[in-house]
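*Asks:* Pasting a structure here, questions to come.
The values are calculated or read from the model by the stated rules, or taken from the named source; none is laboratory data. Please read these numbers as outputs of a predicted model, since none were measured by experiment. Cβ placement follows ideal geometry from the backbone for every residue including glycine, while neighbour counts extend to all protein chains displayed.
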Amino acid sequence: MDHTIEYISELVKKTGRKREHLLPVLQGVVQRENCLSDETIIEIARQLDLPTADVYGTATFYSFLETQKMGKYVIRVCKTITCAMKGKNQILLTIEDMLKIGIGETSTDKQFSLLQTNCLGWCHKAPAMLINDEVYTELTPEKVREILSEYIKK
């Protein structure tokens with residue numbers, strides 16, 4: 001935790017201690033730590049002189065600020081109506097079957113986490129998913145199997 005406290009201090013020095021700097025601090029910690037633990041949220045609140053409930057509320061409001069440990073590869077499947085109409089449910093079933101995890105779960109080997117998220121901005125090429133920072137569009141069950149097979153090999 002000491003290295004995280006130091007990192008939070010660096011972020012706060014870089015961004016500032018005002019309320020409007022909370023989101024950049026949260027994003028910086030997630031980028032480095034992959035999630036926001038309770039201890040981290042408390043430390044951020046302390047360093048920014050904010051109520052812990054405010055920090056937690058902000059962290060849980062945004063879909064890319066995770067408050068639980070995620071796998072090495074976080075798969076986010078778009079859940080908008082456009083993606084649903086274009087076969088999102090088949091994509092989810094394919095992922096769940098292949099990785100043996102459900103939505104909100106992490107594989108036992110800690111390699112994959114599966115989440116649904118609001119619009120990824122690729123409605124014109126639906127259905128879409130994001131694996132960490134890589135976008136995949138116009139998905140089919142076959143295409144998903146190919147993509148995941150490559151990640152499994154890594």
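Okay, residues lined up against (1) outside the structural domain of residue 34 (by TED's automatic domain parsing); (2) under 29 Å from residue 32 (Cβ atoms); (3) in contact (Cβ under 8 Å) with a residue 24 or more places away in the chain:
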{"residue": "79", "(1), (2), (3)": "yes, yes, yes"}
{"residue": "83", "(1), (2), (3)": "yes, no, yes"}
{"residue": "88", "(1), (2), (3)": "yes, no, yes"}
{"residue": "107", "(1), (2), (3)": "yes, yes, yes"}
{"residue": "111", "(1), (2), (3)": "yes, yes, yes"}
{"residue": "126", "(1), (2), (3)": "yes, no, yes"}
{"residue": "147", "(1), (2), (3)": "yes, yes, no"}
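*Asks:* If we keep just the residues of the range 52-69 that are assigned to a loop (DSSP other than H, G, I, E, B), free of Cβ contacts under 8 Å to residues at least 40 places away in the same chain and hydroxyl-bearing (Ser, Thr, Tyr), which is surrounded by the fewest Cβ atoms within 10 Å (Cβ to Cβ)?
*Replies:* Here the residue is 62.
*Asks:* For the range 130-142, name all the residues that are crowded, with 16+ Cβ neighbours inside 10 Å and over 20 Å from residue 107 (Cβ atoms).
*Replies:* 137
*Asks:* State which residue pairs qualify: first residue closer than 16 Å to residue 71 by Cα and inside the range 23-37, second residue surrounded by fewer than 16 Cβ atoms within 10 Å (Cβ to Cβ) and of a type in the set (Lys, Arg) in any location, beta carbons under 8 Å apart, and separation of 6 or more residues or different chains.
*Replies:* 34/69; 35/69
*Asks:* Only one of these conditions is not met by residue 2: (1) exposed (fewer than 14 other Cβ atoms within 10 Å of the Cβ); (2) touching a Ser or Thr at 6+ places or on another chain (Cβ under 9 Å). Which number is it?
*Replies:* The number of the failed condition is (2).
*Asks:* Okay, next question. Among what's in the range 33-51 and is among the charged types (D, E, K, R) and closer than 19 Å to residue 16 by Cβ, pick the residue that is surrounded by the fewest Cβ atoms within 10 Å (Cβ to Cβ).
*Replies:* The qualifying residue surrounded by the fewest Cβ atoms within 10 Å (Cβ to Cβ) is 49.
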